[in-house]
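Novice: Sharing a structure, written as structure tokens. Questions coming.
The values are calculated or read from the model by the stated rules, or taken from the named source; none is laboratory data. This is a predicted model, so every value here is computed, not measured. Note that we place each Cβ from the backbone using ideal geometry, even for glycine, and neighbour counts take in every protein chain shown. Surface accessibility is based on the protein's heavy atoms, side chains included, excluding ligands, DNA and RNA. Shrake-Rupley method; radii C 1.70, N 1.55, O 1.52, S 1.80 Å.
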Protein chains: 2
Amino acid sequence: MARRTNEQAEATRAQLLDAAEALFCDKGVASTTLDMIARAAGVTRGAVYWHFKNKAEIFEAVCDRATSPMETMLNTLAAEPGEDPLGSLERQACEILQLIARDARMRAVLEILFRGFDGGPEFAEYLAREEESRRDCRCQIESVLEAAATRGQLPPSVSPAKAAIAVTAFVGGLMHDWVLDGDYDLADMAPYLTRVFFSGLRNT
Amino acid sequence: MARRTNEQAEATRAQLLDAAEALFCDKGVASTTLDMIARAAGVTRGAVYWHFKNKAEIFEAVCDRATSPMETMLNTLAAEPGEDPLGSLERQACEILQLIARDARMRAVLEILFRGFDGGPEFAEYLAREEESRRDCRCQIESVLEAAATRGQLPPSVSPAKAAIAVTAFVGGLMHDWVLDGDYDLADMAPYLTRVFFSGLRNT
DNA sequence: TTATATACATACACGAATGTTTGTAAATTG
DNA sequence: CAATTTACAAACATTCGTGTATGTATATAA
């Protein structure tokens, strides 16, 4: 095979990631073979092993392509103290749901992650980081809720820690259910759903 | 090997299921070998292939052992129309959470299911039934919420369909988060969490 | 322009897990 | 008590995917 130009190499790398994303989503991670990825991208396994070390590295690249915008979004939430913590938390939750609803690539990657798989110890590292970041997320939500509590936005019967559990479960459950088989328009529904939930936080 | 008595055979079958449950939960379904299951049960693969057709059949048996009580619980909800639909729905949600919190076997099986895996097409049939039953669940919840709406328990701005989405997401998210890495006492927390959420449904 | 690194294709070696076949001693049946 | 079935163990064949080694023509650097 002739050597290809630098831009062409980047193109095949992107095609490999696209193919892997689609196959992971369709067949599952463990069930997709490196050969399947190569064929879907129009190359052979040689190209795969040139660009990536193994399947786990492809998986990380596929995920990182999509999950980074979501993490930046969560970080902006923590950086924005605001004078209406509960309101901005509600807005953030709504915006994240709408972000997912609009970005097809993120939906695909979330479908892969939600559907789950077990690829042996190679993937343990990445999945551990994933779980770590989810813990961070809950921590940030809890700190925002503490700010809300000090400003009297939460009734005294609702502790920030318990409220954080509820918020995480609700938003996460919404994402999970919609990504896996939601047949409704999440972007439309998001403000409505978040309003119903947060009204329960404000007055028990 | 000497032939073992009928009761002993049933015992080894149960030991195989116990071993499979623990290994599926610990290592993941795809990463556990039939040989690992056999060794953990103190037998060889011969015994495995005697009692089960393949890994998928073991998986089904492991799951059915735990998920059946939960399904009966959901069915009793639909059979109980009641004169306080929203209240009984809240109670049901709370009881399901407490059921999960108490039954270790169900927690293990739910951990397997939530963690997810892809075992190829062999498992497609069972997972399809699983998804089907979840749809049924949402349907039943929606019908209960319609009964609540006709009795004026829901504000007119909250449609039963949308409320069903929210309820499912909340309870499912709570189960998911707690089973995967919840370090709090769900049985204690359940009444509290459900009250906060359902108060949001009652008054937006 | 020549030398070298690149971007793959091709072929091979290897292990791991599965499914199957055969063997067998004891339990069960009639 | 004989005949047969049972509940496994043990050995075998086979498939499948991975990783790696090698080949090679060309883009790029000097």
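Novice: Could you tell me which of the residues B:D183, B:D177 is of a type in the set (D, E) and within 16 Å of the chain's Cα centre (by Cα)?
Specialist: Going through B:D183, B:D177 in turn, just one is of a type in the set (D, E) and within 16 Å of the chain's Cα centre (by Cα): B:D177.
Novice: Within the stretch A:51-65, how many residues are more than 14 Å from chain B (Cβ to nearest Cβ) and either more than 10 Å from DNA strand D (Cβ to nearest atom) or buried (at least 16 other Cβ atoms within 10 Å of the Cβ) (or both)? Full working, then the answer.
Specialist: First, pick out the residues of the stretch A:51-65 that are more than 14 Å from chain B (Cβ to nearest Cβ): A:51-54, A:57-58, A:60-65.
Next, from what is left, pick out any that are either more than 10 Å from DNA strand D (Cβ to nearest atom) or buried (at least 16 other Cβ atoms within 10 Å of the Cβ) (or both): A:51-52, A:58, A:60-65.
Residues flagged as more than 14 Å from chain B (Cβ to nearest Cβ) and either more than 10 Å from DNA strand D (Cβ to nearest atom) or buried (at least 16 other Cβ atoms within 10 Å of the Cβ) (or both) within the stretch A:51-65 amount to 9.
Novice: Can you tell me which residue among A:L34, A:L23, A:L77 is away from every other protein chain (no Cβ under 14 Å), within 15 Å of DNA strand D (Cβ to nearest atom) and either in contact with a His (Cβ under 8 Å, 6 or more places away or on another chain) or not β-branched (V, I, T) (or both)?
Specialist: On the way: A:L23 fails: away from every other protein chain (no Cβ under 14 Å); A:L77 fails: within 15 Å of DNA strand D (Cβ to nearest atom).
Just a single option satisfies the conditions, and that option is A:L34.
Novice: Out of B:L99, B:L145, B:L186, B:L174, which single residue is more than 10 Å from every other protein chain (Cβ to nearest Cβ) and buried (at least 19 other Cβ atoms within 10 Å of the Cβ)? Let's see the steps before the verdict.
Specialist: On the way: B:L99 fails: buried (at least 19 other Cβ atoms within 10 Å of the Cβ); B:L186 fails: more than 10 Å from every other protein chain (Cβ to nearest Cβ); B:L174 fails: more than 10 Å from every other protein chain (Cβ to nearest Cβ).
So the residue among B:L99, B:L145, B:L186, B:L174 that is more than 10 Å from every other protein chain (Cβ to nearest Cβ) and buried (at least 19 other Cβ atoms within 10 Å of the Cβ) is B:L145.
Novice: When the stretch B:115-134 is examined, which residues are found to be touching a helix residue (DSSP H, G or I) at 6+ places or on another chain (Cβ under 6 Å) and crowded, with 18+ Cβ neighbours inside 10 Å?
Specialist: B:G116, B:F123
Novice: Return the pair list, or none, for Cβ contacts closer than 7 Å from residues in the stretch A:62-78 that are of a type in the set (S, T, N, Q) to residues that are in a helix (DSSP H, G or I) and open to solvent by less than 70 Å² (accessible area, probe 1.4 Å), at least 6 apart or on different chains.
Specialist: Pairs that qualify, where the first residue is of a type in the set (S, T, N, Q) and the partner is in a helix (DSSP H, G or I) and open to solvent by less than 70 Å² (accessible area, probe 1.4 Å), are A:T67/A:V109.
Novice: Can you say whether B:T168 is under 16 Å from the mean Cα position of the chain (by Cα), assigned to a helix (DSSP H, G or I) and hydroxyl-bearing (S, T, Y), as far as the supplied structure shows? Explain how you work it out, then say what you get.
Specialist: Numbers: under 16 Å from the mean Cα position of the chain (by Cα): yes; assigned to a helix (DSSP H, G or I): yes; hydroxyl-bearing (S, T, Y): yes.
Judged against the criteria, B:T168 is a match.
Novice: Given the conditions (1) open to solvent by 30 Å² or more (accessible area, probe 1.4 Å); (2) part of a helix (DSSP H, G or I); (3) free of Cβ contacts under 8 Å to residues at least 60 places away in the same chain, report the number of the one that A:L16 does not fulfil.
Specialist: Condition not satisfied by A:L16: (1).
Novice: Name the residues in the stretch B:29-50 that are open to solvent by less than 20 Å² (accessible area, probe 1.4 Å) and either near DNA strand C (Cβ under 10 Å from one of its atoms) or among the charged types (D, E, K, R) (or both), would you? Break it down stepwise before answering.
Specialist: As a first pass, look at the stretch B:29-50 and keep what is open to solvent by less than 20 Å² (accessible area, probe 1.4 Å): B:29, B:32, B:37-38, B:41, B:48.
If the condition is that a residue be open to solvent by less than 20 Å² (accessible area, probe 1.4 Å) and either near DNA strand C (Cβ under 10 Å from one of its atoms) or among the charged types (D, E, K, R) (or both), then B:V29, B:T32, B:I37, B:A38, B:V48 are the ones that fit.
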